[in-house]
Structure formats: C-alpha cells, structure tokens
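Take a look at the structure set out below.
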Amino acid sequence: MEILAIKKQMPVILAMALAALASAQKAPQVHPISGRAIAPVMSAAGADWLERREREDEEAPSKAIKLLGLKPGMTVCDLGAGTGYYAVRMARIVGDSGKVYAVDIQPRMLELLGKRLASAGIKNVVPVLGGEAETKLPDASQDLIILVDVYHEFAKPQEMLRSVAKALKPEGVLVLLEFRKEDKTVPIRLEHKMSIEEVRAELGAEGFRIDKVLDSLPWQHMIFLRKKQ
C-alpha cells in the first residue's frame with residue numbers, strides 16, 4: 001500500500017523537486033509581512049504536471065470551477081494560467097459574450113496555451129504576457145481573478161496585489177487556491193503551501209479582506225477576497 005501511495009504522489013513530488021532545483025543557486029526570498037519563504041516559479045518544463053490525469057482526483061478542479069459562480073458574459077482572469085487548464089474551462093462557462101484573460105510570465109506557457117486554444121476552437125480567451133509586478137490587465141475590467149496555486153510564487157507579491165486591485169471592478173472578487181499548510185497530509189513541499197493566517201496577513205496589508213473560505217476541495221483552501229471599501 002505504501003508503494004502505491006508513493007507512485008500516486010510522484011507527479012506532484014517530481015514537479016516540486018524540479019522547481020526547487022531550478023532555484024537552488026538563489027537565496028530564498030522571504031515575505032516581509034508573514035515571513036514565509038517565497039516558492040520558486042514552476043517552469044514550463046513542468047507543464048505536464050498541470051495536465052496530469054490525477055489532477056481531478058487530487059484537486060477536484062471541476063468542483064472548484066463550479067464554486068466560482070461564473071455566469072455568461074462575465075470578464076474574468078486566470079492569473080498564472082500556465083497551459084490554460086482553468087482558463088479553457090472558464091471560457092466555456094462565460095461564453096461568447098464573456099471573456100477570459102489568461103496571464104502568465106512565461107512565453108513558453110503562452111505558446112502551449114495558444115496551441116490548446118487553436119485545437120479547441122476557443123475564441124474568447126485573451127493570452128497576456130504579464131510581469132513579476134504587473135498583471136498587464138486593463139484597469140477595473142475584471143469581475144473575478146483566480147490564482148490557482150500561483151500566489152505563493154509571486155516574487156513581488158505586494159506590487160502584484162496592487163496591480164490585481166487596479167484590474168478588479170469595484171465589486172470584483174479575487175480567488176486564491178492554495179495547498180493547505182495546516183494539513184500535513186497534503187503531499188506538497190512546504191514552500192508551496194499557505195495557511196489562512198498567512199493569506200489574511202499578506203493580503204490584508206494590501207487592502208483585501210477574506211470574504212469566505214471553502215475547504216471542500218481535497219488538498220486546497222479556496223479563498224474568496226474582496227477589496228476593502
């Protein structure tokens with residue numbers, strides 16, 4: 001049974017190991033508010049992990065997307081979109097009258113996303129090359145911005161949150177999916193997890209308040225935030 005459990009976790013363990021190896025020569029960054037170690041960005045070399053067959057069992061993305069409450073005509077953003085795993089599914093819900101901005105800082109990820117969109121015939125996703133401190137989204141344009149296992153990798157989290165705040169509509173929602181640091185059974189490296197208190201402290205310092213937290217996903221917190229009025 002132990003061998004089977006290890007095999008099931010291998011895609012996750014391998015992806016996190018690759019990210020750690022890529023940053024092995026760099027001194028770890030520490031968040032100035034919470035003191036947590038900022039995780040390295042997973043490179044496009046780990047893109048297969050985003051598309052792994054086990055993802056539905058491990059993260060229940062179909063359930064997560066339903067919980068977002070998306071509606072036709074909405075303008076939303078998948079920030080840190082990678083290969084577009086979430087962006088494509090969100091695009092089908094918001095429909096032709098809606099729009100999904102898929103932002104990533106890696107050109108190779110956007111290349112993979114472009115191929116995916118062309119293959120699926122999806123026209124309402126807009127790929128955007130973002131920066132470490134800037135979403136590159138239009139001001140006050142987004143009904144919802146989602147970050148799926150991404151926020152903890154921001155090299156400049158405070159600057160990025162200010163950019164996110166500018167991109168959200170006045171009643172817009174920011175949603176974080178983060179692996180639960182409080183749960184030691186979640187088989188993810190510690191620097192790729194976050195606790196609710198870390199989210200509260202870090203995002204609260206940049207003008208966000210937690211609206212609700214859903215912990216019905218297998219491994220992740222699903223945290224809904226709004227800009228403080």
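The values are calculated or read from the model by the stated rules, or taken from the named source; none is laboratory data. What you are looking at is a predicted structure, and each value in this text was computed from that prediction instead of being measured. So basically every Cβ, Gly included, is an ideal-geometry build from the backbone, and we count neighbours across all protein chains shown.
Worth pointing out:
- Tally of residues being surrounded by fewer than 19 Cβ atoms within 10 Å (Cβ to Cβ) and within 20 Å of Asp211 (Cβ to Cβ) across segment 173-197: 4
- Failed criterion for Ala120 (all others in (1) at pLDDT 95 or above; (2) farther than 28 Å from Val186 by Cα hold): (1)
- Given (1) modelled with pLDDT of 95 or more; (2) over 19 Å from Glu153 (Cβ atoms); (3) not β-branched (Val, Ile, Thr), number of the condition Gln220 does not satisfy: (2)
- When Arg108 is tested against (1) part of a helix (DSSP H, G or I); (2) touching a Gly at 6+ places or on another chain (Cβ under 7 Å), only condition (2) is not met.
- Residue identified as under 21 Å from Asp143 (Cα atoms) and in a strand (DSSP E or B) among Leu177, Leu203: Leu177
- Qualifying residue in segment 123-139 (condition: in contact (Cβ under 8 Å) with a residue 60 or more places away in the chain and either touching a Ser or Thr at 6+ places or on another chain (Cβ under 6 Å) or surrounded by fewer than 21 Cβ atoms within 10 Å (Cβ to Cβ) (or both)): no
- Met74 meets each of the listed conditions (1) touching a residue at least 40 places away in the same chain (Cβ under 8 Å); (2) closer than 24 Å to Glu153 by Cα; (3) not β-branched (Val, Ile, Thr) apart from (2).
To keep it simple, each residue is scored yes or no on (1) modelled with pLDDT under 95; (2) small (Gly, Ala, Ser).
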site: Ala17; (1), (2): yes, yes
site: Pro28; (1), (2): yes, no
site: Ala47; (1), (2): yes, yes
site: Lys63; (1), (2): no, no
site: Leu79; (1), (2): no, no
site: Lys99; (1), (2): no, no
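- Only one of Arg55, Arg108, Arg92 that is surrounded by fewer than 17 Cβ atoms within 10 Å (Cβ to Cβ) and farther than 25 Å from Gln142 by Cα: Arg55
- The number of residues in segment 184-229 being in contact with a helix residue (DSSP H, G or I) (Cβ under 9 Å, 6 or more places away or on another chain), among the aliphatic types (A, V, I, L, M) and farther than 18 Å from Asp57 by Cα comes to 8.
- Against the conditions (1) surrounded by fewer than 22 Cβ atoms within 10 Å (Cβ to Cβ); (2) under 16 Å from the mean Cα position of the chain (by Cα), Pro170 satisfies every one except (2).
- Scan of segment 33-51 for residues that are within 20 Å of Arg180 (Cβ to Cβ) and either surrounded by fewer than 17 Cβ atoms within 10 Å (Cβ to Cβ) or among the polar types (S, T, N, Q) (or both), ordered by number: Ile33, Ser34, Gly35, Ala37
- With respect to the stated conditions, Leu113 fails to be of a type in the set (A, V, I, L, M), touching a helix residue (DSSP H, G or I) at 6+ places or on another chain (Cβ under 8 Å), closer than 15 Å to Leu174 by Cβ and crowded, with 18+ Cβ neighbours inside 10 Å.
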